[in-house]
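So the structure is just underneath, and the comments pick up after that.
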Amino acid sequence: MNPVIDVQKLSKNFGAVRALDELDLRLEAGEVHGFLGPNGAGKSTTIRILLGAAKADSGTARLFGEDPWTEAVRLHRRLSYVPGDVNLWPKITGGEAIDLLVSLRGGADSRRRSDLLERFDLDPSKKTRTYSKGNRQKVALVAALASDVELLVLDEPTSGLDPLMERVFQDCVREARAAGRTVLLSSHLLAEVETLCDRVTIIRQGRTVQSGALSELRHLARAAVSVVCGKDPSGVALLPGVHDVRRDGERLLFSVEDGALPAVLEHLLPLDIRSLTSTPPTLEELFVHQYSPDAQGARS
Amino acid sequence: MSAAAPSRGQRDGLRGARTAGALAGTGRLFHFALLRDRLRIPLWAVALGGLVGYFGAVLPLAYPDQAALQTRAAILKDPSGALLSGPGYGLEHYTLGALLANEVLGMLAVAAALMSIFLVVRHTRAEEESGRAELVRAGVVGRHAPLTAALAALLVANGAVAVVLTVAMLGNGLARADSLALAAGVGAAGVVFGAAAAVTAQLSQSARGATGLAGGALGLAYLLRGIGDAQRVGGTALSWLSPIGWSQQTRAFVDLRWWPLLPAVVLAALLCLAAYLLASRRDLGAGLIAARPGPSRATRALTSPAGLVFRLERVSILSWCLGLFAFALLTGSMGQAIVDSFEARPELAAVIGGPPGGDALRAALSAFLRYFAMAVAVHVVVTVNRLRREEDSGRTALLLAAGAGRDRLMLHFLAVTLAADTLLLLAAGFGLGAGAVASVEPDARNLALEFTAASLAYLPLVSCFAALTALAYGLRTGSWWVWLILIASLLIGLYGPILRLPEALLEAEPFGLVPAVPSVPLNAGPLLLMGLTALVLLAAAVPAFRRRDLSV
Ligand SMILES: Nc1ncnc2c1ncn2[C@@H]1O[C@H](COP(=O)(O)OP(=O)(O)OP(=O)(O)O)[C@@H](O)[C@H]1O
Ligand SMILES: [Mg+2]
């Protein structure tokens with residue numbers, strides 16, 4: 001099957017700033033894909049190119065196999081977009097704003113609209129000027145989710161939502177996936193990404209540094225090991241794939257690369273192990289590891 | 001994917017074939033634009049129509065017979081009268097219609113142009129700047145749909161203005177074809193400047209910049225036709241360089257011809273074309289010039305509120321400064337022509353306000369200096385009003401939370417504004433004097449210095465307007481009443497003498513209170529009084545701001 005989003009070697013400059021530097025991104029139909037990266041990495045720029053709002057300098061971007069810059073109008077029938085910073089027309093009501101956005105996409109199911117309004121606990125009769133940030137975001141979310149589209153493009157869609165609404169949002173995304181929709185979710189909320197996404201792409205400084213299933217990515221980070229032995233275990237420090245060895249009382253703490261664990265265990269077994277714990281990397285560690293500038297070497 | 005996918009794809013194909021293309025969604029956006037402007041457009045139309053209706057009702061009372069109308073026509077024959085109003089057709093046998101076409105049409109055209117500039121920028125660049133355009137364009141909306149919708153709304157707005165104007169003139173019993181031509185001239189000027197705003201909206205990254213550029217073009221157009229009309233009754237080639245000139249050249253109510261409106265249609269079409277071309281080769285939200293990286297550390301100066309204000313306003317200050325200087329230089333260089341016209345008809349010098357038989361050049365330039373001071377007053381009100389926009393956007397709260405202090409914030413802001421406006425006054429005075437020096441005999445060399453110094457006489461009055469706007473901000477009453485005072489002062493100051501308003505009203509007009517230096521001796525009394533008034537207003541404004549809630 002053709003990928004829904006296929007971005008290859010995409011580059012974009014803003015004057016002297018290189019926002020995208022040969023970025024790659026690929027989404028298969030039906031997946032929920034996390035799009036991650038530190039501030040200024042180029043997530044929003046990529047999304048703007050995918051929406052046909054900006055033109056790439058080089059490389060290709062394909063949406064449903066077509067060029068988003070030239071075919072924007074046709075493609076937009078098939079997608080909904082939610083930005084992180086929603087600005088609305090001050091003198092109209094939230095309901096009017098939703099109807100406008102929905103009608104620009106070609107209409108929506110009115111039952112679904114009222115259902116979403118209720119779930120997101122949004123009063124559509126208020127003037128948008130009086131909405132809080134989270135409520136403005138709900139307007140965009142309701143408008144996006146109310147349409148029957150194949151692709152949802154979400155750029156930090158929950159940056160203003162409270163935890164309850166965050167949960168409603170997560171349910172909506174799961175329903176979307178169950179209905180066969182594809183979702184591109186850019187987010188800084190790792191817990192959200194962890195629970196929702198099948199696969200993630202991590203970018204930094206306009207380049208893709210990792211892309212794959214979350215379970216695969218976990219292997220790229222190191223497990224944290226804590227061990228107490230009868231005999232001195234500090235020899236592990238010499239084994240390949242062992243890092244950050246330090247002592248905490250009688251405990252020895254270190255981190256181990258994914259493939260090095262068997263050798264480490266083999267080394268420790270004869271040393272009279274009293275206790276041993278090995279913690280798989282949390283998603284956060286994974287990201288901190290990938291985001292930080294010194295991760296450069298680790299990705300190749 | 002679900003089994004529904006193929007059918008959905010087919011449906012898309014069909015619908016796509018019907019509405020694909022850069023204009024998809026234009027209809028909806030157009031309706032939405034009209035919805036947003038449902039009050040603004042009728043208000044403009046009714047205000048302009050009401051103005052004409054009012055003139056039509058009042059002028060026959062003020063000028064009951066032909067002799068009275070002819071005295072008024074005489075004013076138009078004078079270059080300075082023509083500079084401010086129109087080309088002066090039909091002066092030999094002046095009528096109400098000719099009066100409207102000569103003296104009111106220019107004003108109406110400027111108003112329609114302003115309405116159009118605001119309208120187009122509001123629906124294009126302002127939408128992009130706020131990020132709303134991105135949300136809209138993510139729908140099934142073509143690249144050119146927002147611009148097309150804005151231009152369609154532009155036509156509707158100017159059409160509404162033209163219709164209401166026509167009705168108002170017909171109501172006054174004026175000829176049908178001529179009324180229509182005058183109204184069409186107003187609408188055409190509106191459309192041309194709206195189209196110009198569509199171009200500037202592509203160039204500038206901010207709505208403010210786009211409005212400023214288009215407004216500058218409008219000012220230039222008015223000045224061009226003014227100079228042209230001042231040079232000769234009926235205007236010269238310069239009048240024909242200006243879209244406002246075209247509207248006035250239809251000679252409505254005198255010897256009607258329609259074809260001068262043709263260049264307006266052509267120019268508007270060309271400007272629209274340029275706007276589309278520019279729009280199709282840029283990213284949404286981008287201007288034509290990419291944002292340059294700035295310094296990564298704040299200089300010491302930037303870390304005070306005053307420094308920040310200066311940094312944010314410096315481009316605007318500089319462009320006003322250059323603009324005013326250029327206009328002043330141009331105006332000053334017409335000094336000789338004005339002196340000549342006075343020598344031919346000394347009685348007309350009285351209109352400008354100079355003593356009959358006195359130094360006509362100084363008198364004329366002093367009057368012009370007053371017009372420039374009026375422009376500076378407009379700048380001061382616009383700039384101080386920025387305080388409100390800063391607050392509404394939440395930036396003021398950010399500064400205050402960072403410990404800037406409300407009194408300090410307001411005082412710094414006003415200090416920077418007044419410093420900038422002092423600069424503007426000096427630039428205008430210097431330009432006026434320097435322009436005059438270039439055009440008259442060498443014995444006038446010290447004119448430049450004289451007028452530079454004289455411009456400062458308007459500083460106390462400008463400070464009053466700054467403090468008044470600050471008070472409106474402090475009390476958060478909205479600035480409409482400040483604008484009302486300012487615009488009334490401007491209208492009375494500009495048109496009072498030719499409209500023959502009562503002497504008492506003319507004397508109470510603030511700009512008239514400032515001695516017209518250097519043509520009359522400096523009288524410090526009124527200036528001190530104005531300075532004092534400014535301080536009192538300021539003393540009320542600061543605590544008013546301190547006491548109220550922030551909006552955001
Ligand atoms: N219009 C623009 N002009 C100049 N530079 C820009 C523009 N838009 C984006 N950039 C730059 O491009 C880079 C990528 O920005 P982008 O907004 O795509 O980042 P992001 O990954 O979405 O960040 P965040 O997580 O903070 O939203 C940044 O360095 C940014 O400064
Ligand atoms: Mg972003």
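Overview of results
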read-out: Stretchable slack from residue B:480 to residue B:439, in nm (0.36 nm times residue separation minus alpha-carbon distance); value: 10.7 nm
read-out: Relative contact order (%) - criterion: Cα under 8 Å, at least six apart; region: chain A; value: 19
read-out: Cα-centre dipole for the protein assembly as shown with unit charges at Cβ (Lys and Arg positive, Asp and Glu negative), debye to 20; value: 700
read-out: Accessible area of residue B:31 in the full protein assembly, 1.4 Å probe (Å², nearest 10); value: 120
read-out: Accessible surface, 1.4 Å probe, highest first, among residues A:192, B:450, A:216; value: A:216, B:450, A:192
read-out: Burial of 30 Å² or greater, the range A:51-86 residues [accessible area, probe 1.4 Å, versus chain by itself]; value: A:53, A:69, A:73, A:74, A:76, A:77, A:81
read-out: Solvent-accessible area, 1.4 Å probe, carbon plus sulfur percent, for chain B; value: 69
read-out: Surface accessible to a 1.4 Å probe, residue A:71 within the full protein complex, Å²; value: 60
read-out: Residues in the range B:107-136 occluded by at least 50 Å² - accessible area, probe radius 1.4 Å, against chain by itself; value: B:132, B:134, B:135
read-out: Reach of residue A:133 by Cα under 26 Å, taken over lysines that are not fewer than 8 positions away in the same chain; value: A:43, A:91
read-out: All-pairs alpha carbon distance profile, chain A, 10 Å steps from 0, percent; value: 6, 24, 27, 20, 12, 8, 3, 0
read-out: Pair residue A:244, residue A:67: separation of 7 Å Cα→Cβ label points (nm); value: 4.7
read-out: Label point distance in nm, residue A:121-residue A:60, each placed 7 Å from Cα along Cα→Cβ; value: 4.8
read-out: Whole-angstrom gap from the range A:27-56 to the range A:104-153, using each part's C-alpha centre; value: 22
read-out: Heavy-atom accessible area per residue - the range B:299-552, 1.4 Å, Å²; value: 45
read-out: Cα point-scatterer Debye curve for the range A:79-149, base-10 log of I(q)/I(0) at q = 0.13 Å⁻¹; value: -0.29
read-out: Helical contribution to [θ] at 222 nm, DSSP H n ≥ 4, -39,500 (n - 2.57), averaged over chain A, rounded to 500; value: -9000 deg cm²/dmol
read-out: Spin-label pair residue B:423/residue A:284, simplified geometry with 7 Å Cα→Cβ offset, distance in nm; value: 5.0
read-out: Loss of accessible area when B meets A, both sides summed, Å² nearest 100, probe 1.4 Å; value: 3400
read-out: Inter-chain shielding of A:91-102 (mean C-beta neighbours from other protein chains, 10 Å cut-off); value: 2
read-out: For the range A:133-199: accessible area per residue (Å², 1.4 Å); value: 33
read-out: Aspartates and glutamates with Cα under 15 Å of residue A:9, excluding same-chain neighbours fewer than 8 positions away; value: A:21, A:22, A:24, A:57, A:67
read-out: Förster-model FRET efficiency, 30 Å R0, residue A:39 and residue A:276, C-beta, rounded to 0.05; value: 0.20
read-out: Heavy atoms of residue B:536: accessible area, 1.4 Å probe, square angstrom to 10; value: 100
read-out: Amide hydrogen neighbours beyond the local backbone of residue A:204, cut-off 5 Å, H modeled; value: A:209
read-out: Structure-based [θ]222 nm, chain B - -39500 (n - 2.57) summed over DSSP H runs of at least 4, per residue, nearest 500; value: -24000 deg cm²/dmol
read-out: Separation between Cα centres of the range A:211-264 and the range B:377-453, rounded to whole Å; value: 67
read-out: Length-normalised contact order for the range B:141-200 - Cα pairs under 8 Å, 6+ apart - percent; value: 42
read-out: Potential extension, residue B:322-residue B:449 segment - 0.36 nm per residue separation minus Cα distance; value: 43.9 nm
read-out: HN-Hα J in Hz across the range A:236-243 - Karplus 6.51, -1.76, 1.60, θ = phi - 60°, x for Gly and Pro; value: 4, 4, 7, 6, x, x, 9, 9
read-out: Chain B, relative contact order [Cα under 8 Å, separation at least 6], %; value: 14
read-out: Shape category assigned to the protein assembly as shown from the gyration tensor of Cα positions, a/c cut at 1.5; value: prolate
read-out: Estimated vicinal HN-Hα couplings, Hz - the range A:138-155 in sequence order (Karplus 6.51, -1.76, 1.60; Gly, Pro = x); value: 5, 4, 5, 5, 4, 4, 6, 7, 6, 8, 8, 10, 8, 9, 10, 10, 10, 9
read-out: Karplus (6.51, -1.76, 1.60) ³J(HN,Hα), θ = phi - 60°, over the range A:217-223, in Hz, Gly and Pro reported as x; value: 5, 4, 5, 6, 9, 9, 7
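The values are calculated or read from the model by the stated rules, or taken from the named source; none is laboratory data. Bear in mind that the values here come from a model prediction, so they are computed numbers and not experimental data. FYI the Cβ positions are ideal-geometry reconstructions off the backbone, even for glycines, and counts take in every protein chain you see. Surface accessibility is based on the protein's heavy atoms, side chains included, excluding ligands, DNA and RNA. Shrake-Rupley method; radii C 1.70, N 1.55, O 1.52, S 1.80 Å.
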